[in-house]
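See below for the structure under consideration.
The values are calculated or read from the model by the stated rules, or taken from the named source; none is laboratory data. Quick caveat: nothing in here was measured; it's all calculated off a predicted structure. Cβ: placed from backbone, ideal geometry, glycine included. Neighbour counts: every protein chain shown.
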Amino acid sequence: MNIELRAVLFDVDGTLADTERDGHRVAFNAAFKEFGLDWNWDIALYGALLLVTGGKERIRYFIEKYRSDILNRSDLDDWVEELHKAKTKHFVKLLKHGGIPLRPGVGRLIHQLREQKIKIAIATTTAPENVTALLETTLAKDAPSWFDVIGAGDIVSKKKPAPDIYYWTLEQLRLSPQQCIAIEDSANGLHAALAANLTTLITVNDYTRRQDFNGAIAVLSDLGEPSHPFTEIAGITFSEKWVDIHLLNYLKKR
Ligand code: XBP
Ligand code: MG
């Protein structure tokens, strides 16, 4: 469909930066320790738990599956909320102290979109505090204000793979899905974006590489850099080897 690109909707975790294995997972384990719990989400277990989006929802799933004895706590909802707040504190601290870099091509594309007055938005399951910390520690102190819309966490009740966060973000942008493109890293994220009728580009990571990305316009290793070309994994092949506005417009027209 030949409608000019007006906005790019970025997922966060796994897309802007590889935040799960060495970020969120480490923060969850630090919160468990702070709460005196003997829980430890190792890399493999966390990969399985990642199929449940949302940190609070992930904790509850873990309790239901592995610690059902806790289910009869009368204050379970509040306790999970407090545990997740502690995790978010640890994640933000981790970003501010060790830092997790943007993935290849992300900073370059964001700057190019801004220069060419194409709107940029965030549509993520993660908590808003995490988005702010990631943008401030990887781009600039005022980077959150660069984004026309930041749709994050509990702003919607149904999280990915439900399309709600994409519907919400499109409504705030006052744009139709046909005027936009989504960039995601996971099958949950792809399902959410496709259900909102968005053309969706996938860049994979170690946790999502083997997932089913049927319906994506293309599946790439990352957004690429002139010095670090991307690898095509599925979908169309390109002469260009890094994602820029020209390539995004080409993808939208397919
Ligand atoms: C990935 C998620 C999030 C993070 C953890 O979000 O599912 O839950 O794993 O962050 P994205 P919270 O949509 O950016 O891929 O603990 O704040 O939920
Ligand atoms: Mg993601």
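Of all residues in region 141-182, which are of a type in the set (Val, Ile, Thr) and closer than 16 Å to Lys119 by Cβ?
Within region 141-182, Val149, Ile150, Thr169, Ile181 qualify.
Quick one: in region 147-189, of everything that is β-branched (Val, Ile, Thr) and within 12 Å of ligand 2 (Cβ to nearest atom), which residue is surrounded by the most Cβ atoms within 10 Å (Cβ to Cβ)?
Within region 147-189, the match that is surrounded by the most Cβ atoms within 10 Å (Cβ to Cβ) is Ile165.
Can you tell me which residue in region 16-48 is nearest to the chain's Cα centre (by Cα), limited to those that are near ligand 1 (Cβ under 9 Å from one of its atoms) and of a type outside the set (Ser, Thr, Tyr)?
Out of the qualifying residues, it is Leu16.
Looking at Gly99, Gly107, which is the one that is part of a loop (DSSP other than H, G, I, E, B) and surrounded by fewer than 21 Cβ atoms within 10 Å (Cβ to Cβ)?
Result of the check over Gly99, Gly107: Gly99.
Need pairs with beta-carbon distance below 7 Å; first residue assigned by TED's automatic domain parsing to the domain that holds Ala31 and within region 85-97, second among the polar types (S, T, N, Q) and within 10 Å of ligand 1 (Cβ to nearest atom); sequence gap 6+ or separate chains.
Thr88/Asn130; Phe91/Asn130; Val92/Asn130
Tell me whether region 144-152 contains one or more residues that are assigned to a loop (DSSP other than H, G, I, E, B) and within 13 Å of ligand 1 (Cβ to nearest atom). Full working, then the answer.
First pass over region 144-152, keeping only residues assigned to a loop (DSSP other than H, G, I, E, B): 147-148, 152.
Filter once more, keeping what is within 13 Å of ligand 1 (Cβ to nearest atom): 152.
Yes.
Given the options Glu240, Glu225, name the one that is of a type in the set (Asp, Glu), outside the structural domain of Gly47 (by TED's automatic domain parsing) and at pLDDT below 95.
Glu240
With the requirement that a residue be part of a loop (DSSP other than H, G, I, E, B) and surrounded by fewer than 21 Cβ atoms within 10 Å (Cβ to Cβ), what does region 119-143 give you?
Listed by number, the residues that qualify are Leu139, Ala140, Lys141, Asp142.
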